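S.K.: Starting off with a structure, shown below.
The values are calculated or read from the model by the stated rules, or taken from the named source; none is laboratory data. Since we're looking at a predicted model, the values are computed, not measured. Here the Cβ is made from the backbone with ideal geometry for all residues, glycine too, and neighbour counts use every protein chain on show. Only protein heavy atoms, including side chains, enter the accessible area calculation; ligands, DNA and RNA are left aside. Shrake-Rupley method; radii C 1.70, N 1.55, O 1.52, S 1.80 Å.
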Amino acid sequence: MHTVAVLSLKGGVGKTTVALGIASAALRRGARTLVADLDPQGNATATLDPPYTDATLADVLATPARDVLRQAVAPSAWSPEVDVLVGAEELELLNEPGPDDDQVGNLSLALDELHERPLRGRPYELAILDCPPSLGRLTKSALVAADSAILVTEPTMYAVSGAQRALEAIERIRDEHNPGLKPAGVLVNRLRPRSHEHQFRIAELRESFGGLVMPTAIPDRLAVQQAQGACSPIHEWHSPGAQEVALTFNMVLAKILRSNRAGRHRIDREAAETPAESTGPVPRIADDARR
């Protein structure tokens with residue numbers, strides 16, 4: 001199982017949109033997937049619309065026991081192949097640093113348990129950790145548990161400084177807790193290709209981070225909000241804009257799954273390393289008006 005953390009340093013950049021888009025691409029690919037909603041706002045849980053559970057991720061982070069996991073994991077309304085480790089507002093109480101920071105490894109323990117002994121069905125191939133928009137204890141727990149991390153940003157003047165701080169946080173977690181953690185890339189969301197400002201900020205990101213900036217960017221399309229409002233995977237929302245966004249998420253998922261390191265929560269059956277993926281300019285999307 002490959003575990004990817006999806007993080008940002010500010011709200012409103014579409015981090016949950018990216019987490020759900022990756023989950024939608026995984027569903028289309030046939031990969032059994034778990035989405036863990038660490039954001040106290042609970043938007044991923046709301047969109048995946050699981051049935052009511054007797055426990056939540058807040059309980060799991062306190063006690064990562066199998067009985068608690070059984071009560072906190074539920075199938076999504078999307079498909080039985082996409083499960084949800086349900087979020088809750090109570091997670092906000094766990095986000096501040098405190099004397100119990102030794103519990104940051106509990107999410108990792110919970111994911112190990114879910115992989116080694118699935119609650120139902122076949123083992124998960126992908127776990128997606130939707131982090132809160134901060135570098136508090138919840139995001140730290142996600143980075144300790146993750147194999148890779150995607151940094152989500154928008155093409156604004158704050159993009160470079162935000163990405164830099166997030167990469168520094170990944171380096172700290174790698175040095176202190178999780179030596180196998182690596183950045184999967186910086187993903188630009190809500191791109192308007194005809195905007196000179198957006199193109200300037202993309203160039204600025206590439207100058208600072210080079211190949212870490214993903215060669216694909218998520219276009220700004222109304223279909224994303226429409227699909228989320230209907231609790232539907234973007235791959236099942238039938239409009240030209242949705243198809244365009246879905247194709248981009250397919251490429252993001254492919255980059256995650258082509259990682260040259262097997263997930264830390266599974267047995268490595270693939271000894272061969274894959275070559276690093278080449279990167280190029282962010283592709284221009286034909287029509288800004290396409291929705």
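S.K.: Six or more apart or on different chains, Cβ atoms under 7 Å: show the pairs whose first residue is in segment 18-42 and closer than 11 Å to Val82 by Cα and whose second is part of a loop (DSSP other than H, G, I, E, B) and of a type in the set (Lys, Arg).
M.R.: From segment 18-42, the pairs are Arg32/Arg122.
S.K.: Need a quick list: helices (runs of 4 or more DSSP H) entirely within segment 158-253 having at least 1 residues that are open to solvent by less than 50 Å² (accessible area, probe 1.4 Å), within 22 Å of Leu9 (Cα to Cα) and in contact with an Asp or Glu (Cβ under 9 Å, 6 or more places away or on another chain).
M.R.: 159-176, 196-209
S.K.: If I ask for residues that are over 17 Å from Arg190 (Cα atoms), within 17 Å of the chain's Cα centre (by Cα) and among the aliphatic types (A, V, I, L, M), which ones from segment 201-236 would you list?
M.R.: If the condition is that a residue be over 17 Å from Arg190 (Cα atoms), within 17 Å of the chain's Cα centre (by Cα) and among the aliphatic types (A, V, I, L, M), then Leu212 is the only one that fits.
S.K.: Pick from segment 14-65 the residues that are open to solvent by 20 Å² or more (accessible area, probe 1.4 Å) and among the small types (Gly, Ala, Ser): which of them is nearest to Thr153 (Cα to Cα)?
M.R.: Step by step, filter segment 14-65, then rank; the result is Ala46.
S.K.: Which of (1) open to solvent by 40 Å² or more (accessible area, probe 1.4 Å); (2) of a type outside the set (S, T, N, Q); (3) over 30 Å from Gln164 (Cα atoms); (4) in a helix (DSSP H, G or I) is the odd one out, the single condition Glu90 does not satisfy?
M.R.: Going through the list (1) open to solvent by 40 Å² or more (accessible area, probe 1.4 Å); (2) of a type outside the set (S, T, N, Q); (3) over 30 Å from Gln164 (Cα atoms); (4) in a helix (DSSP H, G or I), Glu90 breaks only (3).
S.K.: While we're on this one: Of the residues that sit in segment 179-237 and are of a type in the set (Ser, Thr, Tyr) and at pLDDT below 90, which one is nearest to Thr47 (Cα to Cα)?
M.R.: First pass over segment 179-237, keeping only residues of a type in the set (Ser, Thr, Tyr): 195, 208, 216, 232.
With the extra rule that they be at pLDDT below 90, the set shrinks to 195, 208, 216.
On the way: Ser195: 30, Ser208: 34, Thr216: 24 Å.
Going through the qualifying residues, I end up with Thr216.
S.K.: Kindly provide the set of residues from segment 105-136 that are under 27 Å from Leu205 (Cα atoms) and either open to solvent by less than 10 Å² (accessible area, probe 1.4 Å) or basic (Lys, Arg) (or both), ordered by number.
M.R.: The answer is Ile128, Leu129, Asp130, Cys131, Pro132.
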